[in-house]
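Here is the structure we will look at.
Read the figures in this text as sums done on the coordinates, not as results from a lab. Just so it is clear, the model here is predicted, and its values are computed rather than measured. Here the Cβ positions follow ideal geometry from the backbone for every residue, glycine too, while neighbour counts run over all protein chains shown.
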Amino acid sequence: MDIKPILGIALGGALGALARYGLGAWVTQRTGISAWGTFVVNISGAFVIGVLFVLLTERFQVAEWLQAAAAVGFLGAYTTFSTLALDSVLLAEDKAFGLALLNAFGSIVVGLAAVVAVMMLGRIFVD
């Protein structure tokens, strides 16, 4: 088993988690609204994954373990929204427009529904 992807993902994940925490806290501290911290992290992550995708897969020949360290490790810990955005764009580029919309909006709607449902259940069982 090749250890490089595992170590790259672990290191990237640690750095991504720290970056997410740092930027999110910084924005929240300045705005007083935690949702703005999350928003900035999500949008910046989407921007970064777009840049990395082009650079690491189309522009330069980069080892797969390094791609995994950057995308799965760093950005996976930084924000999975970036992966959702990239997957949706790639589906649209493949002319799978219905799947692209389902992926983007379905993830948001079903994700929100899951949070609401679990919060309701949690509150029932906690009270």
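Quick one: grab the alpha carbon gyration tensor of the range 60-127, order the square roots of its eigenvalues as a ≥ b ≥ c, and give me rounded if a/c is under 1.5, else prolate or oblate depending on whether a/b is larger than b/c. Intermediate values should be presented prior to the final figure.
Numbers: a/c = 5.37, a/b = 1.62, b/c = 3.32.
Oblate, since a/c reaches 1.5 and b/c is not below a/b.
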FRET E, pair residue 59, residue 83, Förster distance 30 Å, beta-carbon r, rounded to 0.05: 0.90
Angle between the Cα long axis of helix 3-31 and the longest principal axis of the chain, 0 to 90 degrees, nearest 10? 50
Modelling each spin label as a point 7 Å along the Cα-to-Cβ direction, I'd like the residue 108/residue 11 distance in nm, to one decimal. 3.7
Taking 0.36 nm per residue of separation and subtracting the Cα-Cα distance, what length does fully extending residue 31 through residue 18 add? 2.7 nm
